[in-house]
Structures are given as C-alpha cells and as structure tokens.
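Asker: Quick one: this structure, given as structure tokens, is what I'll be asking you about.
Here, each number is a calculation from the coordinates, and none is a lab measurement. Note that the structure is a prediction, hence the values are computed from the model and not measured. Cβ placement follows ideal geometry from the backbone for every residue including glycine, while neighbour counts extend to all protein chains displayed.
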Amino acid sequence: MNDYLLVAAGVLAGPVIGGLVSGADRIITARVQARVGPPLFQPFYDVAKLLGKEAVVVNVWQAFCAYAYLAASVLAVVLFFLQSDLLLIFFTQAVGALFLVGGALTSTSPFSQIGAHRELLQILTYEPLLVFVIIGIYLETHSFKIVDIFRWPEPLLLKLPFLFVVLGYALTIKLRKSPFDLSTCHHAHQELVKGLLTDYSGPFLALVEIAHWFDVVFLLCLCALFWATNWVGMAILLVVTYLLEIVIDNVTARMTWRWMLGYVWAMGLTLSLVNLIWLYAAR
Amino acid sequence: MFKSFIKKSRIKSPWLLHFDCGSCNGCDIEVLACLTPVYDIERFGIINVGNPMHADIMLVTGTVNHRNKKVLANLYEQMPHPKVVVAIGACGLSGGVFRDAYNVVGGVDKVIPVDVYVSGCPAKPEAIIDGVVMALGKFEDKVKALRTGT
C-alpha cells in the first residue's frame, strides 16, 4: 500500500513541483532583469495550450521518441520515490535523454539536427560527472540504495562538498541554463531558432516540457540526498542551489561546446577525483 | 473541466511569431519594444518565438512583394491550428506608400487571411499589444470553425 502511495507521489511530483519551480524561476529571472514576469502558473498555461493545439509531427518516430522520453523521465522519478538503486535511476534518465535527441534527429531540419548534436555533447559532458557523484555517495555510505542513503546519520554535503559542486555543473547543463544552454533554451530566440525542440510542436512539445519538469525534480532529488538527515536542511540546500542557478543563468552568456567540454571536464573531473581521494584517504 | 482550462490557457499563453515582410524597420522596432522591460509582454505569458511550429499568433509588418509572398504563405502553413494573424502598420494593411510600386503585391491580406489590423506608421507598442489582445478574443471562433470544418 505504501509503495502505491510513493508511486502516486512520484507521478504527481513532476507536474506539480517541476511546474511550480519552473514558474518561480521565470518570475525571479524577470525580476532580476527589472521586469515583472509572468504569473506563477504560466508553465501550466503553456503546457495546457500546447496540448490543445493541432498535432503536427514530422514522422511517427518523433512522436514515439517524445512519449519514450516522458516515460523514462517519469520512471526515473518514480524509482527515486520508491527509494530504489541510484545506478538504475541514473541509467533510466540517460535513456530518456537519448530518446529526446533521437526524436530531434528524425527530422531533416538543420536547426533540429545541430541542436541534437549539441545536446549529445551536453549529455557527454554531464553523464560522467553524475556517475562520479553516485560513486562518491557509494564510497561514503557503502550503498547505491536510496533507502540506505537516507539512513546515513550525517549529511553527505560535509564529506562530499566538491562533488556537490560537480553536481551543480550537471544541474546547470540539465536545466538548460547559461553558459551551457547550447542545444535549446527557454529565452526568446537563439541562433538555432529553438535548437533541439524546433520540430517538436503542439502536444508533443507539451510532452517534452512535462518530461523536462520530471528531470528537474529528479535532479533536485539528487541534490536533496546531500542533506538527507532533516527536512529543513534539505529545503534550505535546494532553495539556495536553485537561486544560485538562476543567478548564474543571468550573469553568464552562452559559450561554445568546445569550451563547455574542456572546462566542465577539467573542473568536474578534477574536483571529483580530489573528493574521491580525500574520501579514500579519510577511511 | 480540462477543456475549459485549455480554453483559458490559450488566452493566457500566446506565443508570437514576428515576420518582417519587407518593412522599413519602424514597425519592427516597435514590436521589439514590446519585449523590453518598459512594456514587458511576458507579464501576459507572451513569448516571442522564432519558430512558426511553436507560434499561436503571427505578427506581420511591411508590404508583401512578389519575392516574399511565398515565404509568408509558407510560414502561415507551418503554424499549427488554432492560429491568428495580426497585420501591423500602414504597409502591412494596404501596402502603404509603396502600394503602387511595380514589385508590391499589397497588404498582408492579399496572401493570407488576416484577423486583426493595427494601423499606424509606425504602429505604437500600445496599439500592437491592443491588437494582440483583440486577436486572443478570436481564438474561440477559430476553434469552432475548425470543428465545423469551415
């Protein structure tokens, strides 16, 4: 019975928390830019409108990929709420990310193609970092199970501070924030029109948007593991992290993929290794 | 209940596609002025998209000529239903001072159906926002027309 409740909580968390976080993000970003910004529920209006639009697809594979991306993202969050294995959850969300790229690659539009290629480079950049974060958590708690991580008596942040910064890099890329918003981004136009999402339209764009909310929830859950000992600490950590993301988004400009790959791998892998060696030496 | 929420959302989340159909840039600057912090149309959920496949409202400025009438028709075709078109400025309405030129077809409505006409040379940002709001009111008729197949 409890499991069913957790599944329901996971399925609801995506649209509710993800949507609200995205709405709050847009308001705070607008205030930073001396604007008023849209209402808090704007992301819900956008998705509902898109669901009500005419369905236009380039080919059936694009529609299939949109559904597969949503399914994988929902599954990752539900598995997290069921306190399952971190590695399993990691691979589930990776499959989802690849389906999104696959859908964009089915179209012949050059915008969509370049966006998809850039997204692949982004995935290449953040996936090793996420693996290192998960390895760090394992070295500290001796388990990949979220159940055991929640039982760990002290906050992981104290032992894994550098890995939290590394997770921050992955978070910035995954949330499509500057300076890593290469493949597509929320703000107005970019040089690739809408990059990866150019050929997703109407209801399928809505599915992709909902799946993105689930991804946001998944990453915030991953951040939450770093202060799993009490709810207040967890909430403070998440709010501070997300506000920092918004600030970074507003003070940086979009960079090239070469810079992203070089910088994030150099910084991310170094910080990860330093933290892992420290953990190993402290044992 | 969900249907009424979609209906409400259509009005609350219009995404604009702005097409410069050979304008002198006067009207274009006024359209872009709407996006700046002074007018801040994102307050109303309006986003300026560069992709016709994501757009609900098409803003067209400038005269239509024989070169770009196909581009205009193509962009209109790519927008998924329901969609509305707002023609902006004297040139977009009728061809303006260029209407008698040999290469000019005339107003936007010679090529695609126009729902709202915003006059001015150039049109004021306030008038453009007003035109967009008027266009939002036409979504209901568009959906009905789509259902009856007219």
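Asker: Taking the Cα centroid of region B:1-39 and of region A:35-88, what is the distance between the two, rounded to the nearest whole Å?
Answerer: 24 Å
Asker: Counting Lys and Arg as +1 and Asp and Glu as -1, what is the net charge of the other residues whose Cβ lies under 13 Å from the Cβ of B:M58?
Answerer: That sum, taken over residues with Cβ under 13 Å, equals -2.
Asker: Among the listed pairs A:K194/B:K8; B:K83/B:K124; B:K70/B:K142; B:K8/B:K70, give every one whose C-alpha distance is greater than 28 Å.
Answerer: B:K8/B:K70
Asker: Run lengths n ≥ 4 of DSSP H only: what is the helix-derived mean residue ellipticity at 222 nm for chain A, with -39500 (n - 2.57) per run over all residues, to the nearest 500?
Answerer: -24000 deg cm²/dmol
Asker: Would you pull out the residues with amide H under 5 Å of B:G106's amide H, same chain only if 5 or more places away, H placed 1.01 Å from N?
Answerer: B:V64
Asker: Can you bin every Cα-Cα distance in region A:70-119 into 10 Å intervals starting at zero and give me the percent of pairs per bin, rounded to whole numbers?
Answerer: Each 10 Å bin holds this share of Cα pairs: 28, 38, 24, 10, 0.
Asker: Related question: In nm, to one decimal, how far is the modelled label at A:V165 from the one at B:R99, with both set 7 Å along Cα→Cβ?
Answerer: 6.7 nm
Asker: Ok, one more. Using θ = phi - 60° and the Karplus curve 6.51 cos²θ - 1.76 cosθ + 1.60, what whole-Hz ³J(HN,Hα) does each residue of region B:78-89 get, with Gly and Pro shown as x?
Answerer: Each residue of region B:78-89 in turn: 6, 6, x, 5, x, 9, 10, 10, 10, 8, 10, x Hz.
Asker: Using a Förster distance of 25 angstrom, determine the FRET efficiency expected from the C-beta separation of B:M1 and B:R43, and round it to 0.05.
Answerer: Rounded to the nearest 0.05, the efficiency is 0.40.
Asker: Give me a comma-separated list of calculated 3J(HN,Hα) values for region A:249-257, in order, Karplus coefficients 6.51, -1.76, 1.60 applied at θ = phi - 60°, integers in Hz, x for any Gly or Pro.
Answerer: Karplus values, whole Hz, x for Gly and Pro: 4, 7, 9, 10, 9, 5, 10, 8, 5.
Asker: Now, a different point. Say we join alpha carbon atoms closer than 10 Å with springs in a Gaussian network model of chain B; which of B:D56, B:D20, B:D100 then has the biggest fluctuation?
Answerer: Result: B:D100 has the largest fluctuation of those listed.
Asker: Right, next: Among the lysines, which have Cα under 24 Å from the Cα of A:K145 when same-chain residues fewer than 8 positions away are ignored?
Answerer: A:K145 reaches A:K159, A:K174.
Asker: How do A:Y280, A:Y126, A:Y69, B:Y39 line up, fewest other C-beta atoms within 10 Å first?
Answerer: A:Y280, B:Y39, A:Y126, A:Y69
Asker: Among A:G102, A:G262, A:G202, which one shows the highest mean-square fluctuation when chain A is modelled as a Gaussian network with alpha-carbon springs under 10 Å?
Answerer: A:G262
Asker: Taking the convex hull of the alpha carbon atoms in region A:181-262, what volume per residue do you get, in Å³?
Answerer: 121 Å³
Asker: How are the alpha carbon pair distances in region B:13-148 distributed across 10 Å bins from zero to the largest one, expressed in percent?
Answerer: 13, 46, 33, 7, 0
Asker: Stretched out fully, how many nm does the piece from A:V7 to A:T256 gain, at 0.36 nm a residue minus the Cα gap?
Answerer: Full-extension gain reported as 85.7 nm.
Asker: Provide the convex hull volume over Cα atoms per residue for region A:50-201, in Å³.
Answerer: Measuring per residue, one finds 118 Å³ for the Cα hull of region A:50-201.
Asker: Quick check: Cα centre of region A:203-278 to Cα centre of region B:72-97, how many Å?
Answerer: Comparing the Cα centres of region A:203-278 and region B:72-97, I get a distance of 41 Å.
Asker: Calculate the mean, over all residues of peptide B:51-63, of how many other protein chain Cβ atoms lie within 10 angstrom of the residue's Cβ.
Answerer: What the average comes to for B:51-63 is 3.
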